[in-house]
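What follows is a set of notes on a single structure, which appears directly below.
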Amino acid sequence: MGLRCEYLGGVLPEERALCERFEEQLLPYLEKMGPYIGELAMEGHEVCEEIILRHNGILRGGPQQRQWNYNRLVRCLRKFKAEWAGMKNAVSVVTHGNLLH
C-alpha cells in the first residue's frame, strides 16, 4: 500500500512504518477535527497551534525530524482529545438541562 501524503524530502525506508502509522492512526482524526483545531488555533489555543505545527513538521520537515514531530503530535492530540471531551460533556449537561433552548 502506498503512502497518501507527500513528504518533503521523501521517506527513508526506515521511517516508512512511522509515516504509515501517521496516516492510519492520526491523519483520519486530524482530517475530521481539522476545522475545529484550526479555528481554535486562530483564537490562540496553544495545543491546537502546536498540533498544526507538528502536523506540518511531519509532512514538510526533514526525515530526521519526523519521529520527534510525531511524538509531540501524539502528546498534543491526547491533550486536545481530553479538552474536547470536557467541552462536549459541558455542552451536553447544559443542553439536557434546557438552558440553551
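The values are calculated or read from the model by the stated rules, or taken from the named source; none is laboratory data. Here the structure is a predicted model, which is why all the values come from computation and not from measurement. Glycine gets a Cβ as well: all are built from the backbone with ideal geometry, and neighbour counts include every protein chain shown.
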Residue check, Arg75 without any contact (Cβ under 8 Å) to a residue 60 or more places away in the chain and assigned to a helix (DSSP H, G or I): yes
Residues within the range 42-70 that are free of Cβ contacts under 8 Å to residues at least 12 places away in the same chain and within 12 Å of the chain's Cα centre (by Cα), tallied: 3
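Among the residues of the range 60-72, write down those that are surrounded by 15 or more Cβ atoms within 10 Å (Cβ to Cβ) and part of a helix (DSSP H, G or I).
Of the residues in the range 60-72, the ones surrounded by 15 or more Cβ atoms within 10 Å (Cβ to Cβ) are 61, 63, 66, 69-70, 72.
Scanning the range 60-72 gives Pro63, Arg66, Asn69, Tyr70, Arg72.
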Pairs where the first residue, in the range 1-28, is under 13 Å from His55 (Cα atoms) and the second is exposed (fewer than 15 other Cβ atoms within 10 Å of the Cβ) and at pLDDT below 90, C-beta under 9 Å, 6+ apart: Leu8/Gly62
In the range 38-94, the residues that are modelled with pLDDT of 95 or more and of a type in the set (S, T, N, Q): Asn56, Gln67, Asn69, Asn71
